[in-house]
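Accompanying notes for the structure given below.
The values are calculated or read from the model by the stated rules, or taken from the named source; none is laboratory data. Just so you know, these numbers come straight off a predicted model, no measurement behind them. Note: ideal-geometry Cβ built from the backbone for every residue, glycine included; neighbour counts use all protein chains shown. The area values use the complete protein model at the heavy-atom level, side chains included, leaving out ligands, DNA and RNA. Shrake-Rupley method; radii C 1.70, N 1.55, O 1.52, S 1.80 Å.
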Amino acid sequence: MLSYRHSFHAGNHADVVKHIVQSLILDALKQKDKPFVYHDTHSGVGRYDLQDERSEKTGEFKEGIARIWSRDDIPAEVASYLEAIKVLNDGEELRYYPGSPKVARAQLREQDRMVLTELHPSDFPLLLQEFRGDRQVKIYKEDGFARLKGSLPPKERRGVVLIDPPYELKHEYMDVVHAIAESYKRWATGTYAIWYPVVYRENIDKMLKGLEKLGIRKILQLELGVEPDTNERGMTASGMIVINPPWKLESQMKAILPWLQQAIAPSRGHHTVEWVVPE
């Protein structure tokens with residue numbers, strides 16, 4: 001099933017949380033000179049035009065990145081994330097928003113590399129075009145989990161895997177658990193960053209329990225909610241589950257998430273920073 005198109009949702013509150021966490025992990029990896037790999041299992045197209053009819057149709061970016069773009073009280077920890085957006089835009093106007101691959105590419109040094117996978121027949125050519133000629137980037141039109149299984153452990157032995165499937169089908173939540181189980185056997189020291197939407201809370205609870213049963217230590221949950229949980233369909237929150245997080249990530253997000261909640265969902269929002277499984 002390949003109906004999901006991220007262009008309808010680019011720059012929304014879920015993207016803001018995902019890409020801030022992603023940027024902080026990459027910031028941490030860059031503290032050492034040794035090379036690292038960034039592996040993205042569901043890459044999308046790379047960049048999104050917020051004036052495109054699909055983005056304009058939903059207007060989700062107006063409740064996400066647009067809420068913080070022009071603020072003058074932005075925490076220093078958010079600088080790398082915002083810089084990745086600024087390099088795509090001239091001046092103060094916010095028109096283009098980076099997908100996860102472009103957020104990562106803005107952080108790569110000469111010694112680092114990226115592995116991107118995308119199956120959607122419309123999105124893959126756009127992703128290929130976005131990074132054409134870039135020798136630090138390898139792009140595959142393959143199932144993201146299959147490519148991940150075949151790519152681990154990476155030669156660098158350092159890096160991060162971003163896992164953010166569309167969750168169109170209910171089994172995808174447990175697909176993530178199975179992918180982590182297989183990946184961790186091959187590369188136990190890597191950082192795994194799993195994005196999730198809260199549409200039905202029971203799906204997230206099931207995924208978290210599945211991850212707990214794997215016997216893996218150091219699993220951190222980070223979440224921003226814009227509405228209380230509901231039994232009606234619609235994303236009320238989103239978050240990141242980070243396995244082997246950088247040691248500063250917990251304290252950084254404890255500072256960032258209250259600010260984000262105030263900026264994006266001051267009246268009905270919530271935020272979470274807690275260990276699913278401690279060290």
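Here are some notes:
- Count of the stretch 206-217 residues, restricted to those that are open to solvent by less than 70 Å² (accessible area, probe 1.4 Å) and either more than 16 Å from residue 193 (Cα to Cα) or not in a helix (DSSP H, G or I) (or both), is 3.
- Residue that is nearest to residue 262 (Cα to Cα), among those in the stretch 44-92 that are assigned to a helix (DSSP H, G or I) and of a type in the set (S, T, N, Q): 80
- The lone exception for residue 24 - which of (1) in contact with a Lys or Arg (Cβ under 8 Å, 6 or more places away or on another chain); (2) outside any helix (DSSP H, G or I) it fails: (2)
- Selection count, the stretch 1-49, where residues are open to solvent by less than 10 Å² (accessible area, probe 1.4 Å), at pLDDT below 95 and of a type in the set (A, V, I, L, M): 1
- If the condition is being under 11 Å from residue 21 (Cα atoms) and either open to solvent by 20 Å² or more (accessible area, probe 1.4 Å) or touching a strand residue (DSSP E or B) at 6+ places or on another chain (Cβ under 7 Å) (or both), then the stretch 251-269 contributes 252, 253, 257.
- Scanning the stretch 50-94 for residues that are touching a residue at least 60 places away in the same chain (Cβ under 8 Å), among the charged types (D, E, K, R) and surrounded by fewer than 16 Cβ atoms within 10 Å (Cβ to Cβ) yields 71, 73.
- Residue list for the stretch 151-164, restricted to those being assigned to a loop (DSSP other than H, G, I, E, B) and over 17 Å from residue 103 (Cα atoms): 152, 153, 154, 155, 156, 157, 158
- Of everything in the stretch 218-250 that is more than 14 Å from residue 20 (Cβ to Cβ) and among the polar types (S, T, N, Q), the residue that is surrounded by the fewest Cβ atoms within 10 Å (Cβ to Cβ) is 231.
- Put simply, of 143, 175, 123, 134 the only residue that is in contact (Cβ under 8 Å) with a residue 12 or more places away in the chain and within 25 Å of residue 65 (Cα to Cα) is 123.
- Filter result for residue 182 (touching a helix residue (DSSP H, G or I) at 6+ places or on another chain (Cβ under 6 Å) and either open to solvent by less than 30 Å² (accessible area, probe 1.4 Å) or closer than 30 Å to residue 112 by Cβ (or both)): yes
- Taken over the stretch 137-157, residues that are open to solvent by 40 Å² or more (accessible area, probe 1.4 Å) and under 20 Å from the mean Cα position of the chain (by Cα) amount to 9.
- Looking only at the stretch 187-205, and only at residues there that are among the aromatic types (Phe, Trp, Tyr) and part of a loop (DSSP other than H, G, I, E, B), the one that is least open to solvent (accessible area, probe 1.4 Å): 187
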